[in-house]
Amino acid sequence: MLAIDAGRLSRRLSELARFGALPGGGVTRHCWHPPYEEARKWLIGEARAAGLTTWVDGAGNVFAGTGVDRFSAERPIVLTGSHIDTVPEGGTLDGALGVMAGLEALHTIAASKTATKRPLAVAAWSDEEGRYGSLFGSRAFIGKLAGLKMEDFAAVDGEKLVDVMRKAGFDPARVHEAAAPQGSVAGYIELHIEQGPRLEENRIDIGVVQAIVGVRRSRIIFHGQADHAGTTPMERRRDAFLGGAEYALRAREHVVSKGSTVSVTNIGVVYVHPGASNIVPGRTEMMHEMRDPDPAVLERLWNECRDIADAVAKERQLRVEVRPMSATLPAQCAPKIQAMTEDVCKTLGLSSQRMYSAAGHDAQNLAAFTDSGMIFIPSSGGKSHRIDETSDPVAIERGANVLLHTLLSLANA
Ligand code: GLV
Ligand code: MN
Ligand code: MN
């Protein structure tokens with residue numbers, strides 16, 4: 001039976017981990033930044049050396065295929081992929097695994113001259129982690145950036161998408177050209193680490209994803225009054241940071257007590273202006289994120305948190321702005337792909353479990369475009385979005401072989 005080369009996959013994962021490597025372990029590799037652009041060049045070189053054709057679209061998505069060099073409805077492609085950008089101080093597998101395992105699967109198919117009814121390709125989607133805009137590359141690919149102005153996309157620290165794209169040699173005006181023709185993808189399957197503890201704790205080899213979470217992000221800005229931190233009497237201060245702090249606690253309590261059993265929330269970015277220990281904060285900006293698989297629950301929680309922000313502002317004599325930043329829709333994975341992956345697991349003698357993904361993935365955008373599915377492998381200790389994210393090498397090899405054979409099933413269906 002055809003099998004991937006685990007040594008080659010491991011070598012490529014280690015080489016990719018060098019781009020943006022941090023002295024204390026882990027990686028920071030933001031899309032369009034120099035380490036990312038070096039990784040992109042390296043990836044294209046590896047894919048060509050593996051006998052694959054390569055192309056890059058207007059949104060910076062990299063593709064490597066078996067005898068194809070574009071998307072067309074006349075010759076639909078079976079697609080796999082993930083992303084090679086990381087969160088700040090992230091691990092070496094979140095995203096990288098799906099791209100390297102996809103490349104390995106296609107390399108194995110090409111080198112063994114295995115014939116398939118449909119061509120295959122692997123994608124490295126741009127900015128999956130959403131530094132400049134949530135699931136950016138796959139959103140462009142499915143045509144969901146139409147009508148949006150690239151000038152409006154920016155990171156929380158103010159860095160603009162159009163500036164970093166131009167520095168990396170891309171033309172932001174061409175992002176819309178990345179939209180693929182309807183019917184040009186015959187199916188999509190993505191391998192990823194679970195990023196949580198369930199598979200490891202239940203001693204299950206493979207997770208078969210049924211549904212992927214929806215994510216809403218808003219920027220909450222409290223405006224108060226900057227004042228001298230020594231001389232202004234305490235009762236006269238209009239401290240914007242205290243508004244933000246109180247909102248954070250109350251919104252968290254609300255989501256936990258009034259959300260569904262799987263609702264989660266996080267405030268991962270806080271800026272205090274002007275940012276000096278001897279000035280009462282005049283403005284506080286925060287990024288507030290909420291997740292749930294049910295869009296109606298997310299909509300309700302978002303409205304209720306807005307009311308909490310208004311109430312906090314009123315009580316503390318502040319002004320508040322709530323700016324919606326992104327709303328990624330929850331998605332269902334295709335039953336056909338889940339069944340194919342389960343059949344492959346049976347053939348390979350691996351245990352599997354259907355599960356829900358509480359992390360966002362490009363597969364959820366692809367689900368609006370074609371049959372889409374995901375394969376999870378256990379994450380050691382359930383750790384992810386941290387520098388010590390790892391998975392057992394045996395789990396990696398199993399996941400890549402499940403990917404290989406699910407791709408073959410899709411390409412020959
Ligand atoms: C993707 O990494 C996410 O934030 O879920
Ligand atoms: Mn991630
Ligand atoms: Mn990821």
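The values are calculated or read from the model by the stated rules, or taken from the named source; none is laboratory data. Given the structure is predicted, the values throughout are model-derived calculations rather than measurements. So basically every Cβ, Gly included, is an ideal-geometry build from the backbone, and we count neighbours across all protein chains shown.
A few notes on this one:
- Within region 156-171, if we keep just the residues that are in a helix (DSSP H, G or I) and β-branched (Val, Ile, Thr), the residue that is farthest from Leu97 (Cα to Cα) turns out to be Val162.
- Scan region 349-371 for residues that are in contact (Cβ under 8 Å) with a residue 60 or more places away in the chain, away from ligand 2 (no atom under 16 Å from the Cβ) and farther than 10 Å from Gln332 by Cα and the total you get is 9.
- Hits in region 120-155 (condition: buried (at least 16 other Cβ atoms within 10 Å of the Cβ), of a type in the set (A, V, I, L, M) and in a loop (DSSP other than H, G, I, E, B)): Leu135, Ile142, Leu145, Ala155
- Some residue of region 341-356 being closer than 29 Å to Gly25 by Cβ, touching a Leu at 6+ places or on another chain (Cβ under 9 Å) and modelled with pLDDT of 95 or more: yes
- When region 378-413 is filtered for residues that are within 16 Å of ligand 1 (Cβ to nearest atom) and either of a type outside the set (Lys, Arg) or in contact with a Gly (Cβ under 7 Å, 6 or more places away or on another chain) (or both), the ones remaining, listed by number, are Ser379, Gly382, Ser384, His385, Arg386, Ile387, Glu389, Ser391.
- Being without any contact (Cβ under 8 Å) to a residue 24 or more places away in the chain and within 26 Å of Thr108 (Cα to Cα) is a property that does not hold for Arg8.
- Residues of region 121-162 classified as within 16 Å of ligand 3 (Cβ to nearest atom) and small (Gly, Ala, Ser), total: 8
- Out of Val208, Val213, sole residue that is modelled with pLDDT of 95 or more, within 16 Å of ligand 3 (Cβ to nearest atom) and buried (at least 16 other Cβ atoms within 10 Å of the Cβ): Val213
- Unique match (being under 19 Å from the mean Cα position of the chain (by Cα), closer than 17 Å to Arg219 by Cβ and free of Cβ contacts under 8 Å to residues at least 60 places away in the same chain) among Asn266, Asn303: Asn266
- Looking only at residues of region 172-200 that are away from ligand 3 (no atom under 16 Å from the Cβ) and assigned to a loop (DSSP other than H, G, I, E, B), we find that the one that is surrounded by the fewest Cβ atoms within 10 Å (Cβ to Cβ) is Gln182.
- Set side by side, the residues Arg75, Arg40, Arg70, Arg118 differ, and just one is over 19 Å from Ile193 (Cβ atoms), in contact with a Phe, Trp or Tyr (Cβ under 7 Å, 6 or more places away or on another chain) and of a type in the set (Lys, Arg), which is Arg70.
- Test result for Asn266, within 16 Å of ligand 2 (Cβ to nearest atom) and under 30 Å from Glu129 (Cβ atoms): yes
- Checking each residue in region 80-121 for being aliphatic (A, V, I, L, M), in contact with a strand residue (DSSP E or B) (Cβ under 6 Å, 6 or more places away or on another chain) and over 18 Å from Ile4 (Cβ atoms) picks out only Ile84.
- Residues satisfying the stated conditions in region 298-334, i.e. within 14 Å of Gly207 (Cα to Cα) and surrounded by fewer than 21 Cβ atoms within 10 Å (Cβ to Cβ): none
- Out of Ala180, Ala186, Ala173, one residue alone is touching a residue at least 12 places away in the same chain (Cβ under 8 Å), more than 17 Å from Ser138 (Cβ to Cβ) and among the small types (Gly, Ala, Ser). It is Ala173.
- Test: Ile77 is within 16 Å of ligand 3 (Cβ to nearest atom), in contact (Cβ under 8 Å) with a residue 60 or more places away in the chain and β-branched (Val, Ile, Thr): no
- Counting residues in region 213-232 that are under 30 Å from Cys345 (Cβ atoms), assigned to a strand (DSSP E or B) and of a type in the set (Val, Ile, Thr) gives one or more.
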